[in-house]
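*Asks:* Okay, handing you the structure first.
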Amino acid sequence: MKRESGYNTKQKEKLLSFLINNMDKHTNVQQISAFLAEEGTPLGTATIYRQLDRLVEQGEVRKYVIDGKTGACYQYINASEGCKTHFHLKCLRCERLIHTDCAVLAELDQHIEEHHGFTVDPSKTVFYGVCSDCGRLEEK
């Protein structure tokens, strides 16, 4: 029994390590599962979801639900980055997640609140498009 507990701890550490090493991306359960399998510490998807839910509850991971059709994405939260106060840009090509502190977006946030009576949660707001690096590659 003690051995199983250590094995689960190793899996949890690998899961958290994967999220930390990919904090500039939104990752999904399939990506995490594939990584853990490659590392020799496979974990069932139900267990991965449970672990992720715990990390979300603890404030270590942020969960993004894009729509009702696709699975949720997860991101490790670097407390020093202040993810609660800025918007995010996600590249549809390379999947990079860009944290952006932008005065224009802050004005948009303020406009939406003042003129439409709606308070936006910047930490859960993601704009999807193509980053400049991928855009340059497309031009070539």
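*Asks:* Could you give the accessible area per residue of the chain, probe 1.4 Å, as a whole number in Å²?
*Replies:* Per-residue value: 65 Å².
*Asks:* For the pair residue 102 and residue 31, what calculated FRET efficiency results from E = 1/(1 + (r/R0)^6), where r is the Cβ-Cβ distance and R0 = 35 Å, to the nearest 0.05?
*Replies:* According to the calculation, E is roughly 0.80.
*Asks:* Heavy atoms only, probe 1.4 angstrom, no DNA, RNA or ligands counted: give me 116, 26, 99 ranked by accessible area, highest first.
*Replies:* 116, 99, 26
*Asks:* If the limit is 21 Å between Cα atoms, which of 10/90; 12/63; 90/124; 25/124 go over it?
*Replies:* Violating the 21 Å Cα-Cα cut-off are 10/90.
*Asks:* Rounded to a whole number, what % of the accessible area of the chain do carbon and sulfur atoms account for, probe 1.4 Å?
*Replies:* Heavy-atom surface of the chain belonging to carbon and sulfur, 1.4 Å probe: 52 percent.
*Asks:* When only C-alpha pairs under 8 Å and at least 6 residues apart count, what is the relative contact order of the chain, in percent?
*Replies:* 20
*Asks:* Roughly how many debye, to the nearest 20, is the charge dipole of the chain about its Cα centre, given +1 on each Lys and Arg Cβ, -1 on each Asp and Glu Cβ, and no other charges? Each step should come with its number before you reach the end.
*Replies:* On the way: 18 positive and 20 negative charges, 154 e Å.
Dipole size: approximately 740 debye.
*Asks:* Oh, and also: Over the heavy atoms of residue 109, what accessible area does a 1.4 Å probe trace out, to the nearest 10 Å²?
*Replies:* 30
*Asks:* Considering the dipole of the chain built from charges on the beta carbon (Lys and Arg +1, Asp and Glu -1) around the Cα centre, which of 76, 116, 106 is farthest to its positive end?
*Replies:* The listed residue farthest towards the positive side: 76.
*Asks:* Work out how much length residue 114 to residue 132 would gain on full extension: take 0.36 nm times their residue separation and subtract the Cα-Cα distance, in nm to one decimal. Please report the intermediate quantities before stating the final value.
*Replies:* Values: separation 18, 0.36 × 18 = 6.48 nm, distance 3.19 nm.
That pair, residue 114 and residue 132, stretches by 3.3 nm at full extension.
*Asks:* Still on this model: Any idea what the dipole of the range 11-53 comes to, in debye rounded to 20, about its Cα centre with Lys/Arg Cβ at +1 and Asp/Glu Cβ at -1?
*Replies:* The calculation lands at about 100 debye.
The values are calculated or read from the model by the stated rules, or taken from the named source; none is laboratory data. Keep in mind the model is a prediction, meaning the values are calculated, not measured. In this analysis, Cβ positions are derived from the backbone assuming ideal geometry, glycine residues included, and neighbour counts consider all displayed protein chains. Remember, those area values only see protein heavy atoms, side chains included, never the ligands or the DNA or RNA. Shrake-Rupley method; radii C 1.70, N 1.55, O 1.52, S 1.80 Å.
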